[in-house]
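Notes follow the structure.
Throughout, read-outs are computed from the coordinates displayed, never taken from laboratory work. If you're wondering where the values come from, they're calculated on a predicted model, not measured in any experiment.
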Amino acid sequence: MILDLSTRAGSRLDSCYNSNMQNQGEAASSPTFQKHRRQVFWQIILPVVAAGVIFIALGLLAVLSPTPGSAKTSQWAAISTIWLAAPLLFIGLLFLAVTTGLIYLMSRFLTIFPAYLRLAQIYAQVASLWVVNFCNRLSAPFIKIGGWNAGARALRSKRTRR
């Protein structure tokens, strides 16, 4: 028996579990969605593509412009070196900013944390004393029994040596 999933007892069954997915055509025509699409293009896609085109154009200009043996070759070599070093400088500046921020946060935390860390240390010491006390009370009967057994063995060994 073949079961038709598109209809069920005369009513249409949704093919997708997410009803919002089926209404996607309606959402694409809404004015807010159109505004969002325009903003994505103008604020994200266009600047990234423009920066890529400018970068490629400058690279091609650096490669194709100088003629071998001319004075401009060294000038273009210096420009190319700058273009190669600029991303590394930017990444270094980023690491410097992150390190500076972490140093600042640590200095702020070190003015706040000592009092709270001392309090936590006191609570940890109290908990440690409770654990030691509990373990000592738990092991005391076994130690006593072991001591009595050792005393009995020593007494027995003295009797057998005589």
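Residue-wise HN-Hα couplings along segment 106-119, as the Karplus relation 6.51 cos²θ - 1.76 cosθ + 1.60 with θ = phi - 60° gives them from phi, are 5, 5, 5, 5, 5, 7, 9, 5, x, 5, 6, 5, 5, 4 Hz; Gly and Pro carry x. At the listed q of 0.10 Å⁻¹, the Debye profile of segment 39-162, built from one uniform point per Cα, gives log10 I(q)/I(0) equal to -0.73.
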